[in-house]
Structures are given as structure tokens and as C-alpha cells.
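Working notes, structure below.
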Amino acid sequence: MVPILLRCVAPSRASAPRPAALDGCGQVRHIGAMVQPFWKTKSLEEMSKAEWESLCDGCGKCCLAKLEDEDSGDIHWTSVACRLFDAGLCRCRDYENRRSKVVDCVVLTPEKVRAIKWLPDSCAYRLIAQGKDLADWHPLVSGDPESVHRAGISMRGRVTALETDMARDEDYFDHMLDAQP
Ligand code: SF4
Ligand code: SF4
């Protein structure tokens, strides 16, 4: 098995729209038919740039190194993160300039979401591409960017090394995970 770095971008959470807060008056108002959120009504291709960016849950899993078995093609996850990953904040340290610093950082598109086999099962892009709904812990559902961390879904506190710590390819084996994080 040889280590290859398979990863994609974790879109910025900074501009993620949040569900509007309810006022505290306690009154029930009849406002007609409920408007469905965009991820329930639009395909990946139909989303605006802001909607697309907000769909990322900020889990950071796609910034982990994965190992591909040369013979079987099987993917094995590691807890080694990209050199540009801030393990404490669980986000890219230079999202705007990431491509000039990490040339193999893959920019997700609808086509790539459907083609890439190593996106985690929890990835919001993958879920929507599969016709599924977002989980309660997704920031777009909860209205709280911290909910993905509280739910234990993200890689916050779970990264054991950065790729810059790996002197040899074999060093990745010490950080292999038994299953998808
Ligand atoms: S450069 Fe690295 S840390 Fe930043 S988004 Fe890409 S894979 Fe993640
Ligand atoms: S795995 Fe998907 S949801 Fe999680 S950070 Fe990467 S792109 Fe965003």
C-alpha cells in the first residue's frame, strides 16, 4: 500500500447563511405554506455560489490523508491532516490561497461530488447528490456552526498529525483508522 493524499476543499464557513432566528414573542402566526430550504428543492447544479459554500458542514474530513491500496483500490482513512489544516479550529488556515499552497487540493464541483468515491458518508454534498436530507447537526439545520463539532462528527480534536510530520510514506500507517472517521 502506498500513501496518496486524497483530499478536497472544505468550503469556508465564514459566509454561511444561517436560518433566521425566531422572535421570542411566543405567538403563532399563520404565514401560509412553509418555504422549503434550498437543499431540499435544488440539485447541486442549481445552487448559487453562496448556497453551495454554505452546504459544507465544516467537518474537515476531506482534508485528511487517505491511503489507497495499489492492488485492490481500497481507500483507508488516516487521522493525518493536510499541512494547511488548523486542527484546533478544524478549518483550512488559508482557504482563499489554498490552491497556490496545496496544489492537489481538489475543488469540489457537482461532477466531482458524484465521481469521487472517498467523500465521507456524512458529507453534505454527497448526501444531497444521493437524494438524502441533512442531519440535525448540520449547521444549516441547527443554525449553529458548532453543532457539527458538538455532535462528534468533525475532526476537531481528532487529528493526530499533519502531513508535514510524516518523514516517510510508511509513517502514515501509524495513523490509519479502522473505519471512516
Ligand atoms: S488546502 Fe488542505 S486544509 Fe485547505 S481545504 Fe485544501 S485539503 Fe483542506
Ligand atoms: S467532507 Fe464534505 S461537508 Fe465535510 S468539510 Fe469536506 S466538503 Fe465539507
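The values are calculated or read from the model by the stated rules, or taken from the named source; none is laboratory data. Please read all numbers here as calculations on a predicted model, not as lab measurements. With ideal geometry, Cβ positions are generated from the backbone for all residues, glycine too; neighbour counts draw on all protein chains shown.
Observations, loosely collected:
- Against the numbered list (1) in contact with a Phe, Trp or Tyr (Cβ under 9 Å, 6 or more places away or on another chain); (2) more than 16 Å from ligand 1 (Cβ to nearest atom), G60 comes up short only at (2).
- Of the numbered criteria (1) of a type outside the set (S, T, Y); (2) in contact (Cβ under 8 Å) with a residue 60 or more places away in the chain; (3) within 17 Å of L64 (Cβ to Cβ), the one L140 fails is (3).
- Single residue of C82, C90, C105 found to be surrounded by 14 or more Cβ atoms within 10 Å (Cβ to Cβ), at positive phi and in contact (Cβ under 8 Å) with a residue 12 or more places away in the chain: C90
- Residue ID - farthest from ligand 2 (Cβ to nearest atom), chosen from residues in segment 69-81 that are at pLDDT below 95 and over 14 Å from D178 (Cα atoms): D71
- Restricting segment 158-172 to residues that are surrounded by 14 or more Cβ atoms within 10 Å (Cβ to Cβ) and of a type outside the set (V, I, T) leaves a set whose member that is nearest to the chain's Cα centre (by Cα) is R158.
- Output for segment 89-106, where each listed residue is more than 8 Å from ligand 1 (Cβ to nearest atom) and at pLDDT below 95: E96, N97, S100, V103, D104
- Residue count for segment 33-51 satisfying the condition of being in contact (Cβ under 8 Å) with a residue 60 or more places away in the chain and not polar (S, T, N, Q): 5.
- Verdict on E170 being away from ligand 1 (no atom under 16 Å from the Cβ) and closer than 30 Å to V35 by Cα: no
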